[in-house]
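These notes concern the structure reproduced below.
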Amino acid sequence: MMSIFNRVNAALLQRISVSAYSTAVETSSVAKPKTAIIMLNMGGPQTTDQVGDYLHRIMTDRDMIQLPVQSRLGPWIASRRTEEVQKKYNEIGGGSPILKWTNTQGRLLTKALDQMLPESAPHKHYVAFRYVPPFTEDTFQEIERDGVDRAVIFSQYPQYSCATTGSSLNAIADFYKNRQVPPNIKFSMIERWATHPLLARVFAERIQEKLDKFDDRIRDNVLIMFTAHSLPLKAVSRGDTYPHEVAATVAATMAELNVPNPHRLVWQSKVGPLPWLQPYTDDAIKAYAKQGRKHLILVPIAFVNEHIETLHELDIEYCDEVAKEAGITQIERAAAPNDHPTFIAALADVVANHLKSGPAVNKQFLTRCPHCVSPRCESSKEFFRKMCSVPDFNLQNVTTS
Ligand code: FES
């Protein structure tokens, strides 16, 4: 695939950052969009009233989390945790900013695409959340009503996991179980983009902003601690690609950053009693404090915008509480990409490459985890193969002479 990354120059970044932002609102309400960009994410409660339903949906989603007697235990855990989680949302302003950021990113992205690819314009972004409105099924109805020619399903998790992007994609397959896929819309999918050079660059720029806050006598020794949402070890052992994709983003970011600082990848937000991927972020902060490493930067490497895991877990629980108790001298938290011009250029480059010459669906997506036993995954992947008109590449069906 021919990359147009090299053509995303400083002038384009400047145009995107200034003109697209100033006209963001008008571009998303384009009258007759030709190309839909469907931004998938889990979403977060906009108000504390939505917290109970949000937790209920997460705890009953077997793609996201697997519990014994889930239909009873999931709702029970959700209702037990609602008050505590509402309190956390109140502490960050009363709700998640994820919808606000996704809409901002979508408007800037489609504005950039209208400039880069007039042949597929007008582009319109759609938000499809898994656990709060706008729900995936409502968004797909809206796309059908708008009558677009082309629809790109674009995961906002750069690193693929069966628990996150996989769950959102299964929700799309569910929606079309008893409904015909519109034959007049050409569907395709971007399900991972963990090593895109501009994604690495925006993370590097976010880290540099924080490195600059340290005294120059210690700057080169600040430990850069990349942190990502953890995953149950059961999912890792099944063959979920998320851990190595997150590690690939870390490696690309460090190469782009080009500094002598040490770095580590650690994992946050574990839920429940079962073992998850370690080391945990809070434990790592404490352990480094004991080793005498007292200057740290936390870098959320798997979130493209701020939400509860950055604003509460990292900022309040880890930076304000854990680090202080552990005796850390200085800890900074790199901002999520949000509306950084380099990030908007990354989104635009990922989608533009896909629209110009990308495969409708990657073979990486069509291949299941080696130990996947979920009939849901099997049928979902077959659904997307057909939805995106990809021939069956199963080698069992090929005869050799
Ligand atoms: Fe990964 Fe089913 S669990 S494809």
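Suppose we keep only residues that are in a helix (DSSP H, G or I) and within 17 Å of residue 280 (Cα to Cα) within the range 201-234. Which one would you say is most open to solvent (accessible area, probe 1.4 Å)?
234
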**Report entry** Among (1) surrounded by fewer than 22 Cβ atoms within 10 Å (Cβ to Cβ); (2) under 16 Å from the mean Cα position of the chain (by Cα); (3) at pLDDT 95 or above - the single one residue 280 does not satisfy
**Finding:** (2)
Requested in this report: Please tell me if residue 49 is acidic (Asp, Glu) and in contact (Cβ under 8 Å) with a residue 60 or more places away in the chain.
Outcome: no
Requested in this report: Starting from the range 242-262, take each residue that is open to solvent by 30 Å² or more (accessible area, probe 1.4 Å) and list its partners that are among the charged types (D, E, K, R), counting only C-beta distances under 8 angstrom and pairs at least six apart or across chains.
Outcome: 256/201; 259/220; 260/220
Query raised in the report: Looking only at residues in the range 376-392 that are open to solvent by 70 Å² or more (accessible area, probe 1.4 Å) and farther than 22 Å from residue 62 by Cβ, which one is modelled with the highest pLDDT?
Result: 386
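Based on this model, can you work out whether residue 347 counts as in contact with a Ser or Thr (Cβ under 9 Å, 6 or more places away or on another chain) and open to solvent by less than 10 Å² (accessible area, probe 1.4 Å)?
No.
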Report task. Looking for whichever is buried (at least 19 other Cβ atoms within 10 Å of the Cβ), within 16 Å of the ligand (Cβ to nearest atom) and aliphatic (A, V, I, L, M) here; the options are 299, 361. Which one fits? Result -> 361
Report task. Please work out which residue is nearest to the ligand (Cβ to nearest atom), limiting yourself to the range 171-200 and to residues that are of a type in the set (S, T, N, Q) and open to solvent by 10 Å² or more (accessible area, probe 1.4 Å). Result -> 195
Query raised in the report: Within the set of pairs 6 or more residues apart or between chains, which connect a residue that is closer than 22 Å to residue 230 by Cα inside the range 62-79 to a residue that is open to solvent by less than 90 Å² (accessible area, probe 1.4 Å) and among the aromatic types (Phe, Trp, Tyr) with Cβ atoms less than 9 Å apart?
Result: 64/131; 78/54
**Report entry** Residue satisfying all of: in the range 217-240; farther than 21 Å from residue 158 by Cβ and of a type in the set (A, V, I, L, M); farthest from the ligand (Cβ to nearest atom) among these
**Finding:** 218
Query raised in the report: Do we find that residue 298 is more than 17 Å from residue 334 (Cα to Cα) and touching an Asp or Glu at 6+ places or on another chain (Cβ under 9 Å) in this structure?
Result: no
Report task. For the range 347-391, enumerate the residues that are on the phi > 0 side of the Ramachandran plot and not in a loop (DSSP other than H, G, I, E, B). Result -> none
Query raised in the report: Under the condition of being more than 30 Å from residue 344 (Cα to Cα) and among the hydroxyl-bearing types (Ser, Thr, Tyr), which residue from the range 69-118 is surrounded by the most Cβ atoms within 10 Å (Cβ to Cβ)?
Result: 82
Query raised in the report: Could we say that residue 259 is at pLDDT 95 or above, more than 17 Å from the chain's Cα centre (by Cα) and at negative phi here?
Result: yes
Report task. Count, please, the residues in the range 52-61 that happen to be under 19 Å from residue 172 (Cβ atoms) and in contact (Cβ under 8 Å) with a residue 40 or more places away in the chain. Result -> 3
Report task. Inspect the range 235-256 for any residue being in contact with a helix residue (DSSP H, G or I) (Cβ under 8 Å, 6 or more places away or on another chain), under 27 Å from residue 325 (Cβ atoms) and at pLDDT 95 or above and give the result as yes or no. Result -> no
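The values are calculated or read from the model by the stated rules, or taken from the named source; none is laboratory data. Remember, predicted model here, so these are calculated numbers, not experimental data. For neighbour counting, all protein chains shown are included, and Cβ atoms are generated from backbone atoms with ideal geometry for every residue, glycine included. Just so you know, the surface numbers come from the protein's heavy atoms only, side chains and all, with ligands and any DNA or RNA stripped out. Shrake-Rupley method; radii C 1.70, N 1.55, O 1.52, S 1.80 Å.
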